[in-house]
Amino acid sequence: MASYSVEERANPNSLEYRLFFKNDKGEYISPFHDIPIYPVAGKNVFNMIVEVPRWTNAKMEIATKDPLNPIKQDVKKGKLRYVANVFPHKGYIWNYGAIPQTWEHPGHKDENTGYYGDNDPIDVCEIGSKVCSRGEVIKVKVLGTLALIDEGETDWKVIAINIEDPEAANYNNIDDVRKMKPGYLEATVDWFRRYKVPDGKPENQFAFNGEFKDRDFAINIIKSTHEHWTALVFKKTDGGEINCANTTVSDSSFCISQESAKATVEAEQLVVLAKITLDGQTKHELFSKQRCMGVQKLKHLFQCFYLPDSSGDGISLETLFYLEKNTFFCINSCK
Ligand SMILES: [Mg+2]
(Lines give C-alpha, C1' and ligand atoms only; values in the text may rest on other atoms or scores of the structure.)
Protein backbone atom coordinates (compact mmCIF):
# COMPACT_ATOMS: atom_id res chain seq x y z
CA MET A 1 0.00 0.00 0.00
CA ALA A 2 1.33 3.41 -0.93
CA SER A 3 2.55 5.55 1.91
CA TYR A 4 3.48 9.19 1.88
CA SER A 5 5.63 11.49 3.94
CA VAL A 6 5.91 15.24 4.31
CA GLU A 7 8.82 17.65 4.47
CA GLU A 8 8.43 20.97 6.26
CA ARG A 9 10.05 24.20 5.10
CA ALA A 10 10.23 27.29 7.32
CA ASN A 11 8.27 27.67 10.56
CA PRO A 12 4.56 27.03 11.03
CA ASN A 13 2.58 30.25 11.47
CA SER A 14 4.85 32.09 9.03
CA LEU A 15 4.22 33.29 5.48
CA GLU A 16 7.08 31.09 4.29
CA TYR A 17 5.79 27.82 5.79
CA ARG A 18 5.44 24.98 3.24
CA LEU A 19 4.69 21.28 3.59
CA PHE A 20 5.97 19.28 0.62
CA PHE A 21 4.96 15.68 -0.10
CA LYS A 22 7.03 12.62 -0.97
CA ASN A 23 6.00 9.13 -2.04
CA ASP A 24 7.24 5.85 -0.57
CA LYS A 25 10.32 5.99 -2.81
CA GLY A 26 11.26 9.35 -1.28
CA GLU A 27 10.43 11.22 -4.49
CA TYR A 28 8.77 14.63 -4.42
CA ILE A 29 5.18 14.59 -5.60
CA SER A 30 2.25 16.95 -5.85
CA PRO A 31 -0.46 15.95 -3.34
CA PHE A 32 -3.06 17.46 -5.68
CA HIS A 33 -2.04 15.54 -8.82
CA ASP A 34 0.17 12.57 -7.88
CA ILE A 35 -1.77 11.01 -5.00
CA PRO A 36 -4.44 8.88 -6.65
CA ILE A 37 -8.09 9.56 -5.93
CA TYR A 38 -8.60 5.85 -5.19
CA PRO A 39 -6.16 4.02 -2.89
CA VAL A 40 -7.56 0.73 -4.22
CA ALA A 41 -9.11 0.50 -7.66
CA GLY A 42 -12.74 -0.51 -7.91
CA LYS A 43 -13.80 0.31 -4.35
CA ASN A 44 -15.60 3.41 -3.25
CA VAL A 45 -12.85 4.35 -0.84
CA PHE A 46 -11.05 7.63 -1.46
CA ASN A 47 -7.74 9.11 -0.44
CA MET A 48 -7.97 12.26 1.66
CA ILE A 49 -5.16 14.71 2.34
CA VAL A 50 -5.56 16.24 5.78
CA GLU A 51 -4.92 19.98 5.58
CA VAL A 52 -6.36 21.06 8.94
CA PRO A 53 -6.37 18.73 11.96
CA ARG A 54 -9.53 18.84 14.05
CA TRP A 55 -9.73 21.61 16.69
CA THR A 56 -7.01 23.71 15.10
CA ASN A 57 -7.58 27.15 13.55
CA ALA A 58 -4.85 27.84 10.96
CA LYS A 59 -6.42 27.81 7.48
CA MET A 60 -3.95 25.48 5.81
CA GLU A 61 -4.53 24.41 2.24
CA ILE A 62 -2.99 22.82 -0.80
CA ALA A 63 -1.40 25.68 -2.74
CA THR A 64 -3.02 24.94 -6.09
CA LYS A 65 -1.14 27.72 -7.90
CA ASP A 66 2.37 26.84 -6.64
CA PRO A 67 4.65 24.24 -8.21
CA LEU A 68 4.19 20.80 -6.57
CA ASN A 69 1.25 22.23 -4.60
CA PRO A 70 2.66 22.14 -1.05
CA ILE A 71 0.33 22.86 1.87
CA LYS A 72 0.64 26.45 3.03
CA GLN A 73 -1.39 28.81 5.17
CA ASP A 74 -3.92 30.97 3.40
CA VAL A 75 -3.11 34.70 3.41
CA LYS A 76 -5.60 37.57 3.23
CA LYS A 77 -4.31 41.14 2.89
CA GLY A 78 -0.80 40.05 3.84
CA LYS A 79 -1.96 38.32 7.02
CA LEU A 80 -2.05 34.63 7.84
CA ARG A 81 -5.61 33.35 8.04
CA TYR A 82 -7.03 31.63 11.10
CA VAL A 83 -10.69 30.71 11.43
CA ALA A 84 -12.36 32.21 14.48
CA ASN A 85 -13.82 30.04 17.22
CA VAL A 86 -17.52 30.39 16.50
CA PHE A 87 -19.34 29.55 19.74
CA PRO A 88 -19.56 26.76 20.78
CA HIS A 89 -17.05 25.36 18.27
CA LYS A 90 -13.27 25.23 18.63
CA GLY A 91 -11.40 25.63 15.35
CA TYR A 92 -12.41 23.18 12.62
CA ILE A 93 -14.72 20.54 14.13
CA TRP A 94 -13.53 17.65 11.91
CA ASN A 95 -10.27 16.71 10.28
CA TYR A 96 -10.56 18.86 7.20
CA GLY A 97 -8.90 18.33 3.85
CA ALA A 98 -9.30 17.43 0.21
CA ILE A 99 -9.62 14.49 -2.14
CA PRO A 100 -6.66 14.42 -4.56
CA GLN A 101 -7.18 14.42 -8.33
CA THR A 102 -10.44 16.37 -8.08
CA TRP A 103 -11.19 19.92 -9.16
CA GLU A 104 -14.27 22.11 -8.79
CA HIS A 105 -14.11 23.71 -12.23
CA PRO A 106 -14.72 27.48 -12.06
CA GLY A 107 -15.97 27.44 -15.67
CA HIS A 108 -18.57 24.78 -14.95
CA LYS A 109 -21.97 25.74 -13.60
CA ASP A 110 -23.09 23.02 -11.22
CA GLU A 111 -26.52 21.77 -12.29
CA ASN A 112 -27.52 21.16 -8.66
CA THR A 113 -26.57 24.52 -7.19
CA GLY A 114 -26.62 26.86 -10.20
CA TYR A 115 -23.20 28.22 -9.19
CA TYR A 116 -19.74 27.76 -10.69
CA GLY A 117 -16.99 25.74 -8.97
CA ASP A 118 -14.58 27.27 -6.46
CA ASN A 119 -11.37 26.32 -8.35
CA ASP A 120 -10.14 23.91 -5.64
CA PRO A 121 -9.98 20.18 -5.05
CA ILE A 122 -13.16 18.91 -3.37
CA ASP A 123 -13.26 19.40 0.42
CA VAL A 124 -13.78 16.69 3.01
CA CYS A 125 -14.89 16.77 6.64
CA GLU A 126 -13.65 13.57 8.29
CA ILE A 127 -15.67 12.67 11.38
CA GLY A 128 -13.66 9.80 12.90
CA SER A 129 -12.39 9.87 16.47
CA LYS A 130 -8.68 10.29 15.71
CA VAL A 131 -7.21 13.77 15.49
CA CYS A 132 -5.11 13.50 12.35
CA SER A 133 -1.94 15.40 11.60
CA ARG A 134 -1.37 18.00 8.92
CA GLY A 135 -0.31 16.35 5.68
CA GLU A 136 -1.50 12.89 6.69
CA VAL A 137 -3.00 10.90 3.81
CA ILE A 138 -5.88 8.74 5.01
CA LYS A 139 -8.41 6.49 3.31
CA VAL A 140 -12.01 7.48 3.79
CA LYS A 141 -15.47 6.08 3.26
CA VAL A 142 -17.83 8.70 1.84
CA LEU A 143 -21.14 9.15 3.69
CA GLY A 144 -22.78 12.21 2.14
CA THR A 145 -22.32 15.82 1.18
CA LEU A 146 -23.43 19.35 1.89
CA ALA A 147 -23.64 21.97 -0.89
CA LEU A 148 -22.18 25.17 0.50
CA ILE A 149 -22.50 28.34 -1.53
CA ASP A 150 -19.46 30.32 -0.44
CA GLU A 151 -19.40 33.89 -1.75
CA GLY A 152 -21.28 32.84 -4.87
CA GLU A 153 -19.28 29.67 -5.61
CA THR A 154 -20.22 26.02 -5.34
CA ASP A 155 -18.16 24.46 -2.58
CA TRP A 156 -19.11 20.83 -1.88
CA LYS A 157 -18.30 19.57 1.61
CA VAL A 158 -18.03 15.79 1.59
CA ILE A 159 -18.74 14.03 4.89
CA ALA A 160 -16.56 10.96 5.33
CA ILE A 161 -15.00 8.65 7.90
CA ASN A 162 -11.50 7.24 8.12
CA ILE A 163 -11.73 3.53 7.21
CA GLU A 164 -9.33 2.83 10.08
CA ASP A 165 -11.68 4.34 12.64
CA PRO A 166 -12.77 1.62 15.12
CA GLU A 167 -16.41 2.50 14.37
CA ALA A 168 -16.03 2.77 10.57
CA ALA A 169 -17.95 -0.46 9.87
CA ASN A 170 -21.07 1.10 11.43
CA TYR A 171 -21.03 4.11 9.12
CA ASN A 172 -22.26 3.59 5.57
CA ASN A 173 -24.49 6.53 4.82
CA ILE A 174 -25.39 9.99 6.06
CA ASP A 175 -28.25 8.70 8.27
CA ASP A 176 -25.75 6.67 10.28
CA VAL A 177 -24.06 9.92 11.28
CA ARG A 178 -27.41 11.38 12.28
CA LYS A 179 -28.17 8.32 14.42
CA MET A 180 -24.78 7.71 16.01
CA LYS A 181 -23.36 11.21 16.33
CA PRO A 182 -26.48 13.26 17.13
CA GLY A 183 -25.94 16.98 16.60
CA TYR A 184 -22.78 16.65 14.50
CA LEU A 185 -24.46 17.34 11.15
CA GLU A 186 -26.38 20.30 12.58
CA ALA A 187 -23.13 21.63 14.05
CA THR A 188 -21.49 21.21 10.64
CA VAL A 189 -24.15 23.35 8.92
CA ASP A 190 -23.95 25.92 11.71
CA TRP A 191 -20.16 26.03 11.42
CA PHE A 192 -20.12 26.62 7.65
CA ARG A 193 -22.95 29.13 7.86
CA ARG A 194 -21.17 31.33 10.38
CA TYR A 195 -17.42 30.73 10.13
CA LYS A 196 -16.70 33.91 8.17
CA VAL A 197 -19.03 36.18 10.15
CA PRO A 198 -16.29 37.16 12.67
CA ASP A 199 -14.24 38.36 9.66
CA GLY A 200 -17.03 40.76 8.69
CA LYS A 201 -18.51 38.55 5.98
CA PRO A 202 -22.20 37.66 5.62
CA GLU A 203 -23.49 34.20 6.53
CA ASN A 204 -22.91 31.55 3.88
CA GLN A 205 -25.80 29.98 1.99
CA PHE A 206 -26.52 26.37 1.06
CA ALA A 207 -28.19 24.64 -1.84
CA PHE A 208 -30.98 22.16 -0.92
CA ASN A 209 -31.87 24.32 2.06
CA GLY A 210 -28.80 23.09 3.95
CA GLU A 211 -29.84 19.45 3.72
CA PHE A 212 -27.26 16.73 3.34
CA LYS A 213 -27.27 14.52 0.27
CA ASP A 214 -26.55 10.82 0.70
CA ARG A 215 -23.54 8.67 -0.09
CA ASP A 216 -24.40 7.83 -3.71
CA PHE A 217 -25.08 11.45 -4.54
CA ALA A 218 -21.76 12.46 -2.94
CA ILE A 219 -19.82 9.80 -4.84
CA ASN A 220 -21.30 11.04 -8.13
CA ILE A 221 -20.24 14.60 -7.32
CA ILE A 222 -16.69 13.42 -6.48
CA LYS A 223 -16.54 11.45 -9.74
CA SER A 224 -17.56 14.50 -11.74
CA THR A 225 -14.88 16.63 -10.02
CA HIS A 226 -12.39 13.87 -10.90
CA GLU A 227 -13.42 14.17 -14.56
CA HIS A 228 -12.83 17.92 -14.41
CA TRP A 229 -9.40 17.29 -12.91
CA THR A 230 -8.59 14.77 -15.67
CA ALA A 231 -9.49 17.37 -18.31
CA LEU A 232 -7.24 19.83 -16.48
CA VAL A 233 -4.05 17.73 -16.35
CA PHE A 234 -4.51 16.44 -19.89
CA LYS A 235 -4.97 19.98 -21.17
CA LYS A 236 -8.54 19.45 -22.34
CA THR A 237 -9.53 22.52 -20.39
CA ASP A 238 -7.74 25.71 -19.39
CA GLY A 239 -6.92 25.74 -15.70
CA GLY A 240 -5.81 29.38 -15.63
CA GLU A 241 -3.33 29.84 -12.81
CA ILE A 242 -3.62 26.27 -11.47
CA ASN A 243 -0.17 24.66 -11.36
CA CYS A 244 -0.41 21.17 -12.85
CA ALA A 245 3.25 20.16 -12.43
CA ASN A 246 3.37 16.53 -11.29
CA THR A 247 5.95 13.76 -11.22
CA THR A 248 3.97 10.55 -11.80
CA VAL A 249 1.01 11.28 -14.12
CA SER A 250 3.26 10.14 -16.94
CA ASP A 251 1.02 10.84 -19.93
CA SER A 252 0.25 14.36 -18.70
CA SER A 253 2.26 17.04 -20.48
CA PHE A 254 2.76 18.70 -17.08
CA CYS A 255 4.83 15.75 -15.81
CA ILE A 256 8.28 16.91 -14.67
CA SER A 257 11.45 15.01 -13.75
CA GLN A 258 12.41 14.25 -10.15
CA GLU A 259 15.42 16.50 -10.66
CA SER A 260 13.31 19.50 -11.49
CA ALA A 261 10.88 18.65 -8.67
CA LYS A 262 13.86 18.71 -6.29
CA ALA A 263 14.98 22.04 -7.68
CA THR A 264 11.48 23.41 -7.05
CA VAL A 265 11.63 22.41 -3.40
CA GLU A 266 15.18 23.73 -2.99
CA ALA A 267 14.15 27.07 -4.48
CA GLU A 268 11.97 27.48 -1.37
CA GLN A 269 15.06 27.38 0.86
CA LEU A 270 15.99 30.40 2.82
CA VAL A 271 18.32 32.95 1.31
CA VAL A 272 20.49 35.47 3.07
CA LEU A 273 19.95 39.11 2.43
CA ALA A 274 23.13 40.75 3.61
CA LYS A 275 22.84 44.48 4.01
CA ILE A 276 26.26 46.08 3.82
CA THR A 277 26.26 49.75 4.75
CA LEU A 278 28.92 52.19 3.56
CA ASP A 279 30.29 52.85 7.02
CA GLY A 280 31.70 49.34 6.88
CA GLN A 281 29.26 47.65 9.23
CA THR A 282 27.73 44.48 7.91
CA LYS A 283 24.42 43.17 9.02
CA HIS A 284 23.06 39.82 7.91
CA GLU A 285 19.42 39.03 7.94
CA LEU A 286 17.48 35.99 6.86
CA PHE A 287 14.65 36.37 4.41
CA SER A 288 12.70 33.91 2.39
CA LYS A 289 13.22 33.69 -1.33
CA GLN A 290 9.69 34.94 -1.78
CA ARG A 291 10.45 38.14 0.11
CA CYS A 292 13.74 38.67 -1.70
CA MET A 293 11.93 38.43 -5.00
CA GLY A 294 9.69 41.21 -3.76
CA VAL A 295 12.75 43.28 -2.91
CA GLN A 296 14.26 42.53 -6.29
CA LYS A 297 11.22 43.82 -8.08
CA LEU A 298 11.42 47.13 -6.27
CA LYS A 299 15.08 47.85 -6.87
CA HIS A 300 17.76 47.77 -9.52
CA LEU A 301 19.57 44.50 -9.63
CA PHE A 302 23.17 44.05 -10.66
CA GLN A 303 23.80 40.43 -11.44
CA CYS A 304 27.09 38.60 -10.94
CA PHE A 305 28.87 41.61 -9.60
CA TYR A 306 31.59 40.67 -7.14
CA LEU A 307 32.57 42.01 -3.79
CA PRO A 308 36.30 41.85 -2.97
CA ASP A 309 37.32 38.53 -1.40
CA SER A 310 37.75 40.13 2.00
CA SER A 311 34.11 41.04 2.21
CA GLY A 312 32.82 37.88 3.78
CA ASP A 313 31.97 34.23 3.67
CA GLY A 314 29.38 32.61 1.58
CA ILE A 315 29.56 35.02 -1.34
CA SER A 316 29.38 32.86 -4.44
CA LEU A 317 29.16 33.34 -8.16
CA GLU A 318 25.39 33.19 -7.92
CA THR A 319 25.31 36.11 -5.54
CA LEU A 320 23.16 38.97 -6.74
CA PHE A 321 23.90 42.55 -5.82
CA TYR A 322 22.17 45.84 -6.06
CA LEU A 323 22.68 49.36 -4.84
CA GLU A 324 20.14 51.68 -3.39
CA LYS A 325 20.47 54.95 -1.45
CA ASN A 326 24.10 54.45 -0.44
CA THR A 327 23.42 50.93 0.75
CA PHE A 328 24.86 47.89 -0.90
CA PHE A 329 22.72 44.74 -0.87
CA CYS A 330 23.55 41.21 -1.82
CA ILE A 331 21.28 38.23 -2.15
CA ASN A 332 22.90 34.87 -1.74
CA SER A 333 21.43 31.40 -1.59
CA CYS A 334 21.89 29.81 1.80
CA LYS A 335 23.33 26.32 1.43
MG1 LIG B 1 -13.66 24.06 -1.68
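Looking across region 141-153, the residues that are out of contact with any Leu (no Cβ under 9 Å at 6 or more places or on another chain), closer than 17 Å to Asn220 by Cα, of a type outside the set (S, T, N, Q) and within 16 Å of the ligand (Cβ to nearest atom) come down to Val142, Ala147, Leu148.
Per-residue answers, yes or no, for (1) touching a Leu at 6+ places or on another chain (Cβ under 7 Å); (2) of a type in the set (A, V, I, L, M, F, W, C); (3) in the same structural domain as Arg54 (by TED's automatic domain parsing); (4) touching a residue at least 24 places away in the same chain (Cβ under 8 Å):
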position: Asp155; (1), (2), (3), (4): yes, no, yes, yes
position: Asn162; (1), (2), (3), (4): no, no, yes, yes
position: Gly200; (1), (2), (3), (4): no, no, yes, no
position: Thr225; (1), (2), (3), (4): no, no, yes, yes
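If the condition is being aromatic (Phe, Trp, Tyr) and either away from the ligand (no atom under 16 Å from the Cβ) or in a helix (DSSP H, G or I) (or both), then region 156-203 contributes Tyr171, Tyr184, Trp191, Phe192. Considering (1) under 18 Å from Ile219 (Cβ atoms); (2) more than 11 Å from the ligand (Cβ to nearest atom); (3) not hydrophobic (A, V, I, L, M, F, W, C), the lone condition that Gly114 does not fulfil carries the number (1). One residue alone among Trp94, Trp55 is farther than 29 Å from Phe254 by Cα, buried (at least 21 other Cβ atoms within 10 Å of the Cβ) and touching a residue at least 24 places away in the same chain (Cβ under 8 Å), and that residue is Trp94.
The C-beta contact set for region 109-122 (first residue outside the structural domain of Trp229 (by TED's automatic domain parsing) and over 25 Å from Ser30 (Cα atoms), second residue part of a strand (DSSP E or B) and within 13 Å of the ligand (Cβ to nearest atom), distance under 7 angstrom, 6+ apart or interchain) is empty. Taken over region 150-164, the criterion of being more than 22 Å from Arg178 (Cβ to Cβ) and more than 20 Å from the chain's Cα centre (by Cα) is satisfied by Gly152, Glu164. Taking the stated definitions as given, is Pro121 within 11 Å of the ligand (Cβ to nearest atom) and buried (at least 23 other Cβ atoms within 10 Å of the Cβ)? Yes: the conditions hold for Pro121. State all residues of region 88-100 that are within 15 Å of the ligand (Cβ to nearest atom) and part of a loop (DSSP other than H, G, I, E, B); if no residue qualifies, say none. Selection gives Tyr92, Trp94, Ile99, Pro100.
If you check Asn85, Asn13, Asn47, Asn69 for being assigned by TED's automatic domain parsing to the domain that holds Asn246, under 17 Å from the mean Cα position of the chain (by Cα), farther than 24 Å from Asp238 by Cα and part of a loop (DSSP other than H, G, I, E, B), only one passes: Asn13.
Ser133 fulfils the conditions (1) part of a loop (DSSP other than H, G, I, E, B); (2) within 16 Å of the ligand (Cβ to nearest atom) except for a single criterion, (2). Of Tyr82, Tyr115, all but one fail to be buried (at least 18 other Cβ atoms within 10 Å of the Cβ) and of a type outside the set (Asp, Glu); the exception is Tyr115.
The values are calculated or read from the model by the stated rules, or taken from the named source; none is laboratory data. The model shown is predicted, which means the values in this text are computed figures rather than measured ones. So basically every Cβ, Gly included, is an ideal-geometry build from the backbone, and we count neighbours across all protein chains shown.
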